[in-house]
Each structure stands twice: as C-alpha cells, then as structure tokens.
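Just below is one structure, and these are the notes that go with it.
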Amino acid sequence: MEEYFRIIELKTATLFAIAAELGAKLNNAPAPQIEGLANFGRHLGAAYQIYDDCIDLAGRESATGKTLGTDLRKGKMTLPMLRLLHHASAIEKERYCQLILEGDYASVSLLLKTTAAAAMDESLASGVARSQQARAQLEDLPESRALESLHLFADTIGLMLQSLRVQAA
C-alpha cells in the first residue's frame with residue numbers, strides 16, 4: 001500500500017497540486033496561500049485517484065461511460081485490490097491472486113461488492129478522508145468566489161466517493 005500511495009502522489013496528486021499552485025502564483029498570492037493551495041491540490045488529486053481506482057471495480061459502465069476493469073486487466077494493483085489482499089487469509093489470497101492473474105474483472109468486482117466489501121469501503125473512506133484534508137487546506141484563505149469553487153470541488157469529489165460507497169454497499 002505504501003508503494004500505491006507513493007505512485008498516486010507522483011501521478012495525480014502532483015498534477016492537481018501543480019495546477020493549484022500555479023493558479024495561486026499567477027495571481028500573486030502570498031507564499032503561505034500558495035503552499036496551502038498546493039497541499040489542497042495534492043490531497044484532492046489523491047482523493048480523485050482513489051475514486052477512479054474504486055469506480056474501475058465497483059462502478060457501472062452505463063453510469064461511468066468508460067470501460068471498467070481496465071486496471072485489473074492490466075495487472076495494476078489499486079487500493080481496493082491491495083486492501084482485499086491485506087485482509088485475506090492465506091487460502092483467500094491464493095484464490096484472489098488467481099482471479100487477478102486471470103483478469104476476471106466480474107468475479108473480483110462481485111467479491112468487492114459482497115464478501116470483501118470492507119476492502120472497498122476502506123478504500124472509499126480513505127478517499128473521503130483525503131477530500132476532507134484538501135478542504136481543510138482552504139481554512140486560512142480569504143473569502144472569495146474562487147474559494148467557494150474550490151470548496152465545491154472538494155465537496156463534489158467527496159460526494160462522488162460517498163455515492164460509490166452507497167452503490168458498493
């Protein structure tokens with residue numbers, strides 16, 4: 001899981017952080033605000049990546065408009081899969097690994113919605129926590145329409161994660 005978080009930090013979290021930081025710099029914000037906005041972006045990017053990884057296994061293609069199960073088919077170990085394996089007994093790990101190696105998206109998805117729902121729930125909770133951490137980075141910023149939009153952005157990703165949590169239940 002440590003490697004997973006390192007990868008999303010270097011990938012989506014950094015992309016969001018740079019976008020937020022550049023926006024602040026281009027508007028001549030003071031250094032503490034620039035840092036706060038970069039941290040906002042970092043947490044929000046991580047939350048979004050967790051959402052994307054979860055929806056790949058627990059979403060519905062008709063609702064998402066994208067082909068699901070692609071991470072599993074590519075052999076990418078995302079947070080729900082890592083949590084699934086973390087909580088599994090030795091026998092379950094062997095069975096789950098076989099499903100993963102076979103790229104059996106349907107079986108793994110069903111497993112995460114039923115027997116191993118705790119793995120998906122923990123993953124989604126982790127994303128919700130990151131969206132809340134992002135929102136907390138905005139506390140010291142002056143009120144503005146832009147700030148309202150950033151709050152809305154963080155809240156929307158949090159709601160997307162919560163909505164997927166309900167679907168997975």
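The values are calculated or read from the model by the stated rules, or taken from the named source; none is laboratory data. Note that the coordinates shown come from a computational prediction; the quantities given were computed from them, not determined experimentally. Please note: Cβ atoms are built from the backbone with ideal geometry, for glycine as well, and neighbour counts cover all protein chains shown.
If you go through segment 110-169 and keep only what is in a helix (DSSP H, G or I) and among the charged types (D, E, K, R), you end up with Lys113, Asp121, Glu122, Arg130, Arg135, Arg145, Glu148, Asp155, Arg165. When residues in segment 79-103 are screened for being charged (D, E, K, R) and crowded, with 17+ Cβ neighbours inside 10 Å, 1 of them pass. When Leu57, Leu72, Leu111 are checked against the criterion of being buried (at least 19 other Cβ atoms within 10 Å of the Cβ), of a type in the set (A, V, I, L, M, F, W, C) and closer than 19 Å to Leu161 by Cβ, Leu57 stands alone in meeting it. Screening Ala146, Ala154, Ala136 for residues that are under 17 Å from Gly41 (Cα atoms), modelled with pLDDT of 95 or more and loosely packed, with under 15 Cβ neighbours inside 10 Å leaves exactly one candidate, Ala136.
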